[in-house]
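The values are calculated or read from the model by the stated rules, or taken from the named source; none is laboratory data. Just so it is clear, the structure is predicted and the values come from calculations on it, not from any experiment. Methodologically, a virtual Cβ is constructed for each residue, glycine included, from the backbone with ideal geometry; neighbour enumeration extends over all protein chains shown. Heads up: the accessible areas ignore ligands, DNA and RNA and are worked out on the full protein's heavy atoms, side chains in. Shrake-Rupley method; radii C 1.70, N 1.55, O 1.52, S 1.80 Å.
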Amino acid sequence: MAAPSGAANCEDFAEFQELLRVMRTIDDRIVHELNTTIPTASFVGKIDASQTCKELYQSLMEAHTSRERIIKNCIAQTSSVVKTLREEREKAQDDVALLKQLRKEQTKV
């Protein structure tokens, strides 16, 4: 159960949330994953439980690392946009559209 690869679209917040939901699938199904990873008494000799547990752990760590990287990347991107919009706002204090855009991006962060 690997995490989806590729860059996240930080512009569309709903799409970003959906990506995170998909990436949490392994966490949400951890009980199922454990039940299928650890063999029952009848399968003990056929499956290496230690190896399958290591693989499950590795896939969890990869999913968490990937999710953390995407979240931090989007925070950095959006913070950069906020900084730029703040600078523009200082120059054009009467621009209502610019203020709305700034607030929207601040909310996103």
Exercise. For residues that are open to solvent by less than 70 Å² (accessible area, probe 1.4 Å) and either in contact with a Leu (Cβ under 7 Å, 6 or more places away or on another chain) or among the hydroxyl-bearing types (Ser, Thr, Tyr) (or both), tally how many sit in the range 53-64.
Key: 1
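Please specify each residue of the range 65-79 satisfying the condition of being free of Cβ contacts under 8 Å to residues at least 24 places away in the same chain and open to solvent by less than 70 Å² (accessible area, probe 1.4 Å).
Here is the first cut: in the range 65-79, the residues free of Cβ contacts under 8 Å to residues at least 24 places away in the same chain are 65, 68-69, 72, 76.
Selection gives ALA76 alone.
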Quiz item: Hey, any hits in the range 49-69 for a residue that's closer than 30 Å to VAL22 by Cβ, at pLDDT below 90, part of a helix (DSSP H, G or I) and touching a Pro at 6+ places or on another chain (Cβ under 9 Å)?
Solution: yes
Self-check item: the range 17-29 - residue that is open to solvent by 50 Å² or more (accessible area, probe 1.4 Å) and over 12 Å from the mean Cα position of the chain (by Cα) and, of those, nearest to ILE75 (Cα to Cα)
Solution: ASP28
Exercise. Name the residue, out of ARG103, ARG89, that is out of contact with any Pro (no Cβ under 8 Å at 6 or more places or on another chain), open to solvent by less than 80 Å² (accessible area, probe 1.4 Å), modelled with pLDDT of 85 or more and over 20 Å from LEU19 (Cα atoms).
Key: ARG89
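Open to solvent by 60 Å² or more (accessible area, probe 1.4 Å), acidic (Asp, Glu), part of a loop (DSSP other than H, G, I, E, B) and at pLDDT 75 or above: does that describe GLU11?
On the way: open to solvent by 60 Å² or more (accessible area, probe 1.4 Å): yes; acidic (Asp, Glu): yes; part of a loop (DSSP other than H, G, I, E, B): yes; at pLDDT 75 or above: yes.
Yes.
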